[in-house]
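Every number here is computed from the coordinates shown, using simple stated rules; none is lab data. The shown structure was predicted, so the numbers you read here are calculated from the model rather than taken from an experiment. Every residue, glycine among them, receives a Cβ derived from its backbone with ideal geometry; neighbour counts consider all protein chains shown.
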Amino acid sequence: MERSWPPANERPRTVLAGFGNPLHGDDGVGPFVARRIHESLPHSEEIDLLELSDSAFRLVERLAGYRRAVIVDALVDEQAEVGALRRFELAALPEDGHASFHTGGLASALALARGLGMRTPEEIVVYGIVIREPREFAERLSGPLEARVPEIAAAIARAEFGSPG
């Protein structure tokens, strides 16, 4: 079994996690924005930064031991403006009804982890940044989304960390 480093009792109380695939263009906005937020924080050493692209189950595994998690991810919404920001409390996340290790969502992964006795964060906030469905491989964000990154990062930094961003 893989062990997390540093040990849970030596971690900061808060983790900032950017989730998404940086090789799928706008789907990589989560890690991109999380990194920008972390770099802007005056006491960033008190907040761990995670950049992940694999699965919700892997994300939940990496959250173990933290009291609070702020997760930034892409949100596909063909009706909303690209770059629109949505904030979700964990309790408001929809349960997807299944707990497959390949297709389970964040709510299922957390339910499974808690059922297995894993210590997960007491407070989890998820920010979804609206994108269009990523249809091609690209290592950079689209122009419209990249232009919105500074305001998105600043808004999250203010709301969650009291920082001007």
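For this structure, a couple of remarks:
- Coil-residue trypsin sites (Lys or Arg not before Pro) of the range 21-97, DSSP, other Cβ within 10 Å capped at 15: Arg67
- FRET E, pair Val76, Glu123, Förster distance 35 Å, beta-carbon r, rounded to 0.05: 0.85
- Charged neighbours of Gly25, selected by a Cβ distance under 13 Å, balance to -3 (K, R count +1; D, E count -1).
- Computed Rg/Rh of the range 8-161, alpha carbon atoms with Kirkwood Rh: 0.95
- Modelled spin-label separation between Arg35 and Glu136, with each label point placed 7 Å from Cα along the Cα-to-Cβ direction: 2.2 nm.
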